[in-house]
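**Q** Handing you this structure, nothing more for now.
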Amino acid sequence: MAQLKKNKNELSFLEHLEDLRWHIIRSLVVVIVFSVFFLVYPQFIFDKIILAPKDPNFITYKIFCDLGEKLNLNGICIDALDYKLFYLNLSSPFFLYLKIAIMGGLIFAFPYLLFELWRFVKPALYHNEIKNLGGIVLIASLLFYVGAFFGYFLLAPFSINFLATFTLSNQIENQFTFDSYLGILTGMVLWTGVIFEIPMVAYFLAKLGLLGKQFMAKNRKYAFVAGLILAAVITPSGDAFSLFLVATPLWLLYEISIVVVRNVEKKRLKQMAD
């Protein structure tokens, strides 16, 4: 016999809207609190985080330089970044200052935003569904931050460096707006964070019976090609090294998703047998 849902699920439509409103308000308050940190310490945020990939001493460049020396590989050591950033409009510094604060607040508040979403949908679930989804906020948050760190420390630095050093003529000096630099950096960090949620998406589709292990295994080669296309879209540089950096974790995420879907199917078959 199916277990009963909680009484909160029997709220009226207006009461559900009121409940949703408070979830949104609490989420906005947390985002604002985290955004204040970025507003209070702008120099640290800009110099040590935002502009860090522009520094030849960035930790990623050091690691790859050391790796290149040990393996006798040329071309992966970046010891000079010869390009300048500038503002195009008088108001750009202020609005970029606010933009970075809001985006930083969203990134840091991501686990709490998931928690509020979970609190909103949880009353509509059965008790056994709630038990099966235990730890979902933690897992989804970890996947997002792993993807964000991957984008910040690997994908963004090499892509920015490739684009910044690419030139059509020695008579043209490389100068770029800070807006474009920031757009590439934040875009890669956020998109890779979202893409790393693929195993979670596969989990929910499998729970709904819309995705199976056999289907995923059969279409593995098509998924690999799709991963290459997605990697080409994500990496504006388009060079082979950046494609490899993105395509490899995408393939690993797909393989992990197959394992996740297989486990979901096993649990479903076990429940049917019981």
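The values are calculated or read from the model by the stated rules, or taken from the named source; none is laboratory data. Everything numeric here is computed off the predicted structure, so don't read it as measured data. All Cβ positions, even for glycine, are placed from backbone atoms using ideal geometry, and neighbour counts span all protein chains on display.
**Q** For segment 30-46, which residues satisfy the criterion of being more than 25 Å from residue 114 (Cβ to Cβ) and crowded, with 16+ Cβ neighbours inside 10 Å?
**A** From segment 30-46, those more than 25 Å from residue 114 (Cβ to Cβ) are 40-44, 46; that's our starting set.
The one that is more than 25 Å from residue 114 (Cβ to Cβ) and crowded, with 16+ Cβ neighbours inside 10 Å: 46.
**Q** Here is a follow-up. It is to be established whether one or more residues within segment 22-30 are assigned by TED's automatic domain parsing to the domain that holds residue 118, within 19 Å of residue 185 (Cβ to Cβ) and either under 22 Å from the mean Cα position of the chain (by Cα) or among the hydrophobic types (A, V, I, L, M, F, W, C) (or both). Can you show your working first?
**A** Going residue by residue through segment 22-30, those that are assigned by TED's automatic domain parsing to the domain that holds residue 118 are 22-30.
Pick out the ones that are also within 19 Å of residue 185 (Cβ to Cβ) and you get none.
Looking through segment 22-30, none of the residues is assigned by TED's automatic domain parsing to the domain that holds residue 118, within 19 Å of residue 185 (Cβ to Cβ) and either under 22 Å from the mean Cα position of the chain (by Cα) or among the hydrophobic types (A, V, I, L, M, F, W, C) (or both).
**Q** Given the conditions (1) surrounded by 14 or more Cβ atoms within 10 Å (Cβ to Cβ); (2) at pLDDT 90 or above, which single one is not true for residue 60?
**A** (2)
**Q** Same structure again: Confirm whether residue 155 is buried (at least 19 other Cβ atoms within 10 Å of the Cβ), touching a Ser or Thr at 6+ places or on another chain (Cβ under 7 Å) and aliphatic (A, V, I, L, M). Talk me through it step by step, then tell me what you get.
**A** Working: buried (at least 19 other Cβ atoms within 10 Å of the Cβ): yes; touching a Ser or Thr at 6+ places or on another chain (Cβ under 7 Å): yes; aliphatic (A, V, I, L, M): yes.
It is true that residue 155 is buried (at least 19 other Cβ atoms within 10 Å of the Cβ), touching a Ser or Thr at 6+ places or on another chain (Cβ under 7 Å) and aliphatic (A, V, I, L, M).
**Q** Would you call residue 189 under 26 Å from residue 145 (Cβ atoms), assigned by TED's automatic domain parsing to the domain that holds residue 95 and out of contact with any Lys or Arg (no Cβ under 8 Å at 6 or more places or on another chain)?
**A** Values: under 26 Å from residue 145 (Cβ atoms): yes; assigned by TED's automatic domain parsing to the domain that holds residue 95: yes; out of contact with any Lys or Arg (no Cβ under 8 Å at 6 or more places or on another chain): yes.
So residue 189 passes the test.
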